[in-house]
Amino acid sequence: MSEDKTSNSRRDFLLKSMTLIPAAVIGGSGVMALTTPAPVQAASDKPKEADYQPTFFIPEEWAFIKAVVARLIPADDRGPGALEAGVPEFIDRQMNTSYATGSIWYMQGPFNPDVPTEMGYQLSLVPKQIYNLGIADANAYSKKTTGKVFADLDSTQQDAMLQKFESGEAEFLQLPSKLFFSYLLQNSREGFFSDPIHGGNKDMVGWKLINFPGARADFMDWVERGERYPFPPVSIRGERG
């Protein structure tokens, strides 16, 4: 499959998956509207994407996150991808919230990872641990099978590696690779479509892609017209796309 077809099929899948994401995720906080919002910065103080320095991830982890999101939601002829939209920044900022520490989860044992998923989350790990351990395991698996860490692979190799993570074929030592992939994918989606106040969706590129009006006070007059909404999106801060 060519690179263009791969990117297009991935972008089509992303758009279709939006029907499964609650509106609260798009208009509110990135992670199911339950995380603690990051401090609001004045427009003049807002760092450029290239200037952002992670506060949770170490350099090797940061390189992994950037490489992964660039493959999960790649840039194409329809617009920027997750990397350009600031999804790595979104994920890093989420790691410093109550979501990442599991303080909003029920985390009492017993933990039984062998029971059906319908019974709920069954690991003692919270999101920040899932990322730390998952990245370490992913890079170890990548190095064992290819001789390189994930970020140093070419795009074709990275896609093949992600498929192994997603299917659970990759054997991790500290947590299931399939679980880790699910967090990478879900948080990437959230960062791409959340309000820019949370670090992702730079210039509201995610909202423009799906023609979402954002935090406008009222757009109900257009809901049943069967027409494309003609105005640009507006963020919580009042920025216009």
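The values are calculated or read from the model by the stated rules, or taken from the named source; none is laboratory data. Everything numeric in this text was worked out from a predicted model, so none of it was measured. Positions of Cβ are backbone-derived with ideal geometry, glycine not excepted, and every protein chain shown enters the neighbour counts. The accessibility values were calculated without ligands, DNA or RNA, using every heavy atom of the protein model including side chains. Shrake-Rupley method; radii C 1.70, N 1.55, O 1.52, S 1.80 Å.
Considering only protein heavy atoms and a probe of 1.4 Å, how much of the accessible area of the stretch 161-204 is carbon and sulfur, as a whole percent?
Details: 760 of 1630 Å².
Answer for the stretch 161-204: carbon and sulfur cover 47 percent of the accessible area.
With every protein chain kept in place and ligands, DNA and RNA left out, what is the accessible area per residue of the stretch 83-237? Probe 1.4 Å, answer in Å². It would help to have the intermediate numbers written out before the result.
Details: 7740 Å² over 155 residues.
Roughly 50 Å² per residue, with all protein chains present.
Ser182 versus Phe111, label points 7 Å from Cα toward the beta carbon: distance in nm?
1.5 nm
Per-residue counts of other Cβ atoms within 10 Å, averaged by peptide: what ranking do you get for 151-162, 123-134, highest first?
On the way: 151-162: 15.9, 123-134: 18.3.
With the highest mean Cβ count within 10 Å placed first, the list reads 123-134, 151-162.
Can you order the peptides 204-211, 190-197 by their average number of other Cβ atoms within 10 Å per residue, highest first?
190-197, 204-211
Pairs of lysine in the stretch 53-195 with Cα under 17 Å and at least 8 positions apart or on different chains: total? Don't jump to the answer; show the numbers that get you there.
Working: Lys66/Lys128; Lys66/Lys148; Lys128/Lys178; Lys143/Lys164; Lys144/Lys164; Lys148/Lys164; Lys164/Lys178.
Value for the stretch 53-195: 7.
Which of the three applies to the stretch 154-210, rounded, prolate or oblate, going by the alpha-carbon gyration tensor with a ≥ b ≥ c and a/c under 1.5 meaning rounded? Mind showing how you got there, number by number?
Values: a/c = 3.39, a/b = 2.06, b/c = 1.65.
Taking the square roots of the gyration eigenvalues as a ≥ b ≥ c, the stretch 154-210 is prolate.
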